[in-house]
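S.K.: Quick one: structure below, then a few questions.
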Amino acid sequence: MSMEHISREMLAFIRQQNPKGTRIRLYSMPDDPRPIEGGSLGTLQFIDNMGTFHVKWDNGRTLG
């Protein structure tokens with residue numbers, strides 16, 4: 001999830017609902033030249049100040 005602008009309150013809420021270590025399932029990445037397969041699982045590492053989820057995928061890749 002990535003946004004151009006996110007309020008401080010919304011960012012705090014998203015981080016509260018998705019703490020480090022949360023398991024993430026990817027639905028699809030159709031526009032990426034090296035997509036991660038839909039249905040892949042990963043572990044949330046952190047959410048940056050723009051609201052981007054940074055995930056370490058079980059296949060070894062990392063992606064924000």
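The values are calculated or read from the model by the stated rules, or taken from the named source; none is laboratory data. This structure is a prediction, so every number in the text was calculated from the model and none was measured. We place every Cβ from the backbone using ideal geometry, glycine too, and count neighbours over all the protein chains shown. Keep in mind that these areas ignore ligands, DNA and RNA; they rest on the heavy atoms of the full protein, side chains included. Shrake-Rupley method; radii C 1.70, N 1.55, O 1.52, S 1.80 Å.
S.K.: Per residue, how many Å² of accessible area does the chain show with a 1.4 Å probe?
M.R.: 75
S.K.: For the chain, modelled as a Gaussian network with Cα springs under 10 Å, which listed residue fluctuates most, ARG34, ARG23, ARG15?
M.R.: Its mean-square fluctuation being the largest, the pick is ARG34.
S.K.: Quick check: at a probe of 1.4 Å, how many percent of the accessible area of the chain sits on carbon and sulfur atoms?
M.R.: After summing per-atom areas, the C and S share lands at 52 percent.
S.K.: What chymotrypsin sites (Phe, Trp or Tyr not before Pro) does the chain have in DSSP loop regions with at most 14 other beta carbons within 10 Å?
M.R.: TYR27
S.K.: Another question, if that's okay. Using modelled backbone amide H atoms (1.01 Å from N, in-plane), which distant-in-sequence or interchain residues come within less than 5 Å of PHE46's amide H?
M.R.: Here HIS54 satisfy the definition.
S.K.: Which of GLY42, GLY21, GLY51 ends up with the largest GNM mean-square fluctuation for the chain, with Cα atoms connected below 10 Å?
M.R.: Of GLY42, GLY21, GLY51, the Gaussian network model singles out GLY21 as fluctuating most.
S.K.: Please give me, ordered by residue number, the GluC sites (Glu not before Pro) of the chain that lie in loop per DSSP and have at most 14 other Cβ atoms within 10 Å.
M.R.: Counting only loop positions with at most 14 other Cβ atoms within 10 Å, the GluC sites (Glu not before Pro) in the chain are GLU4, GLU37.
S.K.: Specify whether the C-alpha gyration tensor of region 1-54 places it in the rounded, prolate or oblate class, a ≥ b ≥ c being the square roots of the eigenvalues: rounded for a/c under 1.5, otherwise prolate if a/b is larger than b/c and oblate if not.
M.R.: oblate
S.K.: Using Cα atoms only, what is the angle between the long axis of helix 8-17 and the major principal axis of the chain, expressed in degrees (0 to 90) to the nearest 10?
M.R.: With rounding to tens, the tilt is 50 degrees.
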